[in-house]
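A quick write-up on the structure given underneath.
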């Protein structure tokens, strides 16, 4: 096999792997949200195919109040993938 053919084969493999990763990432069924507390204050911890993170009331309220801007940001940056986020 020539170098070009090997490169094309590897590129196809990587594209397929990328496609599968995107499909897994877009699936919210892999995300688990658990209510907890930190120093007596309520929190939500998010678990999934990423490093777990925790948000409290103030940060969640800020995200909720800013949601139109968050949605614009997500759609703008996902436009490069031709996959607009539907929320």
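No lab work stands behind these numbers, since they all come straight from the coordinates. All values reported here derive from a predicted model rather than from experimental measurement. Positions of Cβ are generated from backbone atoms using ideal geometry, with glycine treated the same way; all protein chains shown enter the neighbour counts.
Evaluated at q = 0.17, 0.19, 0.23 Å⁻¹, the base-10 log of the normalised Debye intensity for region 3-81, with identical point scatterers placed on the Cα atoms, takes the values -0.89, -1.01, -1.17.
Estimate the FRET efficiency between residue 20 and residue 73 by the formula 1/(1 + (r/R0)^6), using the beta-carbon distance for r and 22 Å for R0, to the nearest 0.05. The formula returns an efficiency of 0.30 here.
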